[in-house]
């Protein structure tokens, strides 16, 4: 059984959940500069998956490198919508499981991905990100899994 959070710990958990939700919404709405305020200047981003047509697994260091990687993605893909499935907060760190849909700008092909991000926080900013993807919607099933707008998530 999980221990119930009270007082400041409970409020910190709520704040982290709100921050994670804001990050996903800002990402999908293209407000990358605003999203970056949640990330430390020295953030380390670890990609643990192969991305078709995108960057390969590896590590990026620094907010500028992270932002540039997002810019390169957005040249090729238009974010359509997302749905946050779950946010977990434990010991001041967070994990988010969410689904999002993208349209390839050149071909019009729509892809829907399940993603998991594990975020380490320090002084109110993300200092480390681990990203994992599931390509279930990358093929013919993508149209049935498509999300055209952000789905509400209850905090």
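The values are calculated or read from the model by the stated rules, or taken from the named source; none is laboratory data. Worth saying up front: this structure is predicted, and the values here are computed from it rather than measured. Counting neighbours? That spans all protein chains shown, and the Cβs are built from the backbone with ideal geometry, glycine included.
Taking the options 113, 56, name whichever one is more than 15 Å from the chain's Cα centre (by Cα) and modelled with pLDDT under 90. Even if it seems obvious, please write down each step before you answer.
Numbers: 113 fails: more than 15 Å from the chain's Cα centre (by Cα).
Result: 56 is the single residue among 113, 56 that is more than 15 Å from the chain's Cα centre (by Cα) and modelled with pLDDT under 90.
Do we have any residue at all in the stretch 129-150 that's modelled with pLDDT of 90 or more, in a loop (DSSP other than H, G, I, E, B) and surrounded by fewer than 16 Cβ atoms within 10 Å (Cβ to Cβ)?
no
Look through 8, 79 and report the one residue that is crowded, with 17+ Cβ neighbours inside 10 Å and either at pLDDT 95 or above or farther than 19 Å from residue 118 by Cβ (or both).
Values: 8 fails: crowded, with 17+ Cβ neighbours inside 10 Å.
Unique residue meeting the criteria: 79.
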